[in-house]
Amino acid sequence: MKKFLSVLSLVALLSFGTSQLAFAEDAATTEAATATVESVTDAAVAVDDAVEAVAAEVAPAEAEAVPAEAAAAPTPVPNKGDTAWMIVATALVTLMVIPGLGLFYGGLVRQKNMLSVLMQTFAIFSLMAVLWAIYGYSVAFTGGNPFFGGLGKAFLAGVTPDSLGATFSKGAYIPELIFVAFQLTFAAITPALIVGAFAERMKFSAVLAFMTLWFTFAYLPMAHMVWYWDGPDAITSAESLTTVLANAGWLWAKGAIDFAGGTVVHINAGVAGLVACIVLGKRIGYGKEAMTPHSLTLTMVGAALLWVGWYGFNAGSNLEANGYAALAFLNTTIATAAATLSWMFIEWFHKSKPSMLGAASGAVAGLVAVTPACGFVGPMGAIVIGLLVSPICYIFVSKVKYMFGYDDALDVFGIHAVGGIFGALATGVFVNPALGGMGVYDYVANAVGEYNFAAQMTAQVYAVITAIVVSAVVSYIALKIVDLVIGLRVSEESEREGLDTTEHGERAYHA
């Protein structure tokens, strides 16, 4: 900078001196001009000395300022693209429940119970949303102990538009409020899934009471155990990883992987459904009267909405709009398609005709199975998972249920629990990079870690067994408490008439 100013001053002064020389007419004038040039040169030297003096004063200040700026860590700023994607994903998961799950279940029950199923799913979503904001988010996603969090963020205390939520990449954040909203939809749909198991026979008041207890003591601990950790930026060394593991959820610390809820959502809800339908007993006339779906058209519409909404469920669980979200999106599509075809052809072979109900059931089974795997496995692994889950679920729906005699009205256990168990275990297999999987990321080395089949499958089995035990125990105790206090089941007269009129005083149809 100082050299530039010196040269600039010298050029200007020389130009002025040259113009003086141009008007010299005789030798005396030339000598005067020569003197002028010498004076100009002296002036340039003086200017140069002045510039150096100024630079000497400024340089130390600049030298001191640079290290100070470098030392100041930049404030994390949420990525607008990630934030926009999470808003869309949250809306898509809401679509899964209202109206997706409601129509899917509603079409499968008898006409006299259509409105009751719609009301149950609608009310459960609303109830869980409020409970999530009051204490659910805090219990699931704050530190406390390995099994459940604390109440430090009860009533969303301290969660503001400026609060940040970690993603799965170091230095990448989204607003904590959208993370709260996204996880709210998971907490809302999971209890709603249980409705299908005891459809057409539980009191509406008992439904709400049971869901409150189950959400508090089954869903929240499972969400904490599987998904809570301090985030990638907390891991900078082996020592810091030890601290993170000590503060994380029990199953996360054991290395269990569940991308979008195979254990937390599907096994959890499916086992609760099995316990509920056994405790309540069979519907009146079960096995003697026809209990066919009243509208497979609505069931197909509901299944389609579930499929579309599931993109938010799975791809949104990546928390970032990047290649892994794209992978989860693609895997969700092709695993579901493979499961649909698999169920269709099995039923075609077994019953001579492929049914719409079978295709819809296969689609849901595929969605369930790929949920824990969608961001961890490759596309070919996703197809294999889809192809294999349908035969397994089909056996439970068409054979095992009747063999043991439990009345799982809409096959919640046969599809969600069984499909979730298969998907959780298959995730441990197909995450292997040798099988096209993405591997498990090592945040200390900032690279994909070495795959260990025995260790990974052990962690997956831990997660599956934990989900089964927690859900079964909590469900049984909660149902017994509700039955003791307000009663579980509607009267025989009400059940025969239908829950639409006896519980809600309305009918789904008047034609």
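The values are calculated or read from the model by the stated rules, or taken from the named source; none is laboratory data. Note that this is a predicted model, so its numbers are computed, not measured. No Cβ is skipped: glycine too gets one built from the backbone with ideal geometry, and neighbour counts run over all protein chains shown.
For residues in the range 79-113 being assigned to a helix (DSSP H, G or I) and among the charged types (D, E, K, R), which is surrounded by the most Cβ atoms within 10 Å (Cβ to Cβ)?
From the range 79-113, those assigned to a helix (DSSP H, G or I) are 80-108, 111-113; that's our starting set.
Among the residues that remain, those that are also among the charged types (D, E, K, R) are: 80, 82, 112.
Details: 80: 10, 82: 22, 112: 20.
Selected residue: 82.
Yes/no per residue for (1) more than 30 Å from the chain's Cα centre (by Cα); (2) assigned to a helix (DSSP H, G or I):
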{"residue": "287", "(1), (2)": "yes, no"}
{"residue": "299", "(1), (2)": "no, yes"}
{"residue": "305", "(1), (2)": "no, yes"}
{"residue": "310", "(1), (2)": "no, yes"}
{"residue": "320", "(1), (2)": "no, no"}
{"residue": "329", "(1), (2)": "no, yes"}
(message) Return the residues of the range 221-243 that are aliphatic (A, V, I, L, M) and either buried (at least 24 other Cβ atoms within 10 Å of the Cβ) or not assigned by TED's automatic domain parsing to the domain that holds residue 95 (or both); say none if nothing qualifies.
(response) 222, 223, 225, 226
(request) Take the residues in the range 153-168 that are of a type in the set (Ser, Thr, Tyr) and without any contact (Cβ under 8 Å) to a residue 40 or more places away in the chain, then tell me which one is surrounded by the fewest Cβ atoms within 10 Å (Cβ to Cβ). (result) 160
(request) Kindly provide the set of residues from the range 395-453 that are farther than 21 Å from residue 382 by Cα, under 25 Å from the mean Cα position of the chain (by Cα) and among the aromatic types (Phe, Trp, Tyr), ordered by number. (result) 413, 443
(request) Specify which of the listed residues (174, 98, 178, 134) is at pLDDT below 95 and on the phi < 0 side of the Ramachandran plot. (result) 98
(message) Need pairs with beta-carbon distance below 7 Å; first residue over 19 Å from residue 369 (Cα atoms) and within the range 292-311, second part of a loop (DSSP other than H, G, I, E, B); sequence gap 6+ or separate chains.
(response) 294/109; 294/110; 299/293
(message) I'm trying to understand the selection: among the residues of the range 202-214, which are buried (at least 24 other Cβ atoms within 10 Å of the Cβ) and either not aliphatic (A, V, I, L, M) or not assigned by TED's automatic domain parsing to the domain that holds residue 130 (or both)?
(response) 210, 214
(message) Anything in the range 461-498 that is touching a helix residue (DSSP H, G or I) at 6+ places or on another chain (Cβ under 7 Å), of a type outside the set (A, V, I, L, M, F, W, C) and outside any helix (DSSP H, G or I)? List them, or say none.
(response) 487, 489, 498
(message) Among the residues of the range 377-389, are any surrounded by fewer than 21 Cβ atoms within 10 Å (Cβ to Cβ), touching a Leu at 6+ places or on another chain (Cβ under 8 Å) and not in a helix (DSSP H, G or I)?
(response) yes
(request) Give just the number: which of (1) crowded, with 19+ Cβ neighbours inside 10 Å; (2) out of contact with any helix residue (DSSP H, G or I) (no Cβ under 8 Å at 6 or more places or on another chain); (3) of a type outside the set (Gly, Ala, Ser) does residue 118 not satisfy? (result) (2)
(request) Hey, could you check the range 169-201 for residues that are of a type in the set (Val, Ile, Thr) and touching a strand residue (DSSP E or B) at 6+ places or on another chain (Cβ under 9 Å) and say which is surrounded by the most Cβ atoms within 10 Å (Cβ to Cβ)? (result) 195
(message) So if I check each of 366, 362, 358, 375, which one is touching a residue at least 12 places away in the same chain (Cβ under 8 Å), within 20 Å of residue 439 (Cα to Cα) and not aliphatic (A, V, I, L, M)?
(response) 375
